[in-house]
Amino acid sequence: WLYPYTGTTFENPLDVQIDHVVPLKDVFVNGGWKWTYQLRCVYSNYMGFRDHLKSVSGHENMAKGGSNPNGYMPPNKAYQCEYLKTWLSIKLIWQLEMQKDEAVAIKTLVEQNHCDLKDFTFSSSELEDQRNQIQGLLNICPQSPVRSAPRPAPYQESI
C-alpha cells in the first residue's frame, strides 16, 4: 500500500489502519450531529469518493486523531496540496461546516505550499454524482443503532 501522508509503502497489512480524511469527530462537530443515523453510517463506511478513506500507519493515524488542517498536516510536503483539496472536497460533498481556524489554516497552507488553485475544482456534475451515490446507499444502513436483545439472567438452580 502506498501511504501518501509520508510517501512510504507498506507490505504488511498489520501496519495499516484506515483513516477518514475528514475525521468522524470533525464531521460530528461541523454538522454531522444533525444527521440521521443512516447518514452517519454511510459516511463512516463510504467508498464512493476515492480519497474519503486512506490506508495509513497507526502512528500517523494517532498523530492526526480528530484534527483538521489547523492541527495536522501530512509530513509528506509533496502531498499537502492534494490533502487540502481532498479535505475541501469532502466538506463540500457532505455539506459540512468549517471552523474559522480551519479556514484560515487552509488558506495559509495553500499559499505556503504554492498550491495551484486550478486543481481545487469540483464540477457540479461530480458533486451531484457523489450526493446521488450517498442517497443510494442510505438503505444499506439501519435507521437506528441495532440493539441486541437483553441477556437472560444466569441460570441459578434453587435448592
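The values are calculated or read from the model by the stated rules, or taken from the named source; none is laboratory data. This structure is a prediction, so every number in the text was calculated from the model and none was measured. Heads up, the Cβs are rebuilt from the backbone with ideal geometry, glycines too, and the neighbour counts pull from every protein chain shown. Accessible surface areas use protein heavy atoms only, side chains included; no ligands, DNA or RNA. Shrake-Rupley method; radii C 1.70, N 1.55, O 1.52, S 1.80 Å.
A simple charge model with +1 on the Cβ of Lys and Arg, -1 on the Cβ of Asp and Glu and nothing else charged puts the dipole of segment 1-56 at about 320 debye relative to its Cα centre. One quarter of the convex hull surface built on the alpha carbon atoms of segment 62-153 amounts to 9.6 nm², the projected area averaged over directions.
Per residue, the chain reaches -12000 deg cm²/dmol at 222 nm when only DSSP H runs of four or more residues are counted, each adding -39500 (n - 2.57). Please return the longest range in the chain lying between exposed loop sites, taking GluC sites (Glu not before Pro), DSSP loop only, at most 10 other beta-carbon atoms within 10 Å, and leaving the sites out. Longest stretch, sites excluded: 12-156. At a 1.4 Å probe radius, carbon and sulfur cover how many percent of the accessible area of segment 1-80? With neighbouring chains kept in place, the figure for segment 1-80 is 57 percent. Within the same chain, lysines fewer than 8 places from K77 are excluded, and of the rest, those with a Cα less than 24 Å from its Cα are K54, K64, K85, K91, K100, K107, K118. Extent of segment 1-40 along its three principal axes (Cα atoms, max minus min coordinate, largest first): 39, 18, 11 Å. Across the chain, the longest run free of exposed loop sites, meaning trypsin sites (Lys or Arg not before Pro) lying outside DSSP classes H, G, I, E and B with no more than 13 other Cβ atoms within 10 Å, spans 51-146. Solvent-accessible surface of the chain, averaged per residue with a 1.4 angstrom probe and all protein chains in place: 64 square angstrom. Residues whose amide H comes within less than 5 Å of that of Q17, counting only those at least five positions distant or on another chain, are V56, S57, G58 (H built at 1.01 Å from N in the peptide plane).
Using R0 = 30 Å, the C-beta based FRET efficiency linking N45 and E111 works out to 0.30.
Compare the Cα positions of T36, N61, V22 along the charge dipole of the chain (+1 at Cβ of Lys, Arg; -1 at Cβ of Asp, Glu; about the Cα centre) and return the one farthest towards the positive end. Working it through, the farthest residue towards the positive pole turns out to be T36. Panel note: the C-alpha atoms of segment 13-85, placed on their principal axes, show extents of 36, 29, 21 Å (largest first).
Here are a few candidate values for Rg/Rh (Cα atoms, Kirkwood Rh): (1) 1.10; (2) 0.97; (3) 1.01. Which one was actually calculated from the structure I just gave you? Given (1) 1.10; (2) 0.97; (3) 1.01, the structure-derived one carries the label (1).
Please work out the FRET efficiency for the pair A63 and F10, using the Cβ-Cβ distance as r and a Förster radius of 22 Å; give the result to the nearest 0.05.
E between A63 and F10, to the nearest 0.05, is 0.85.
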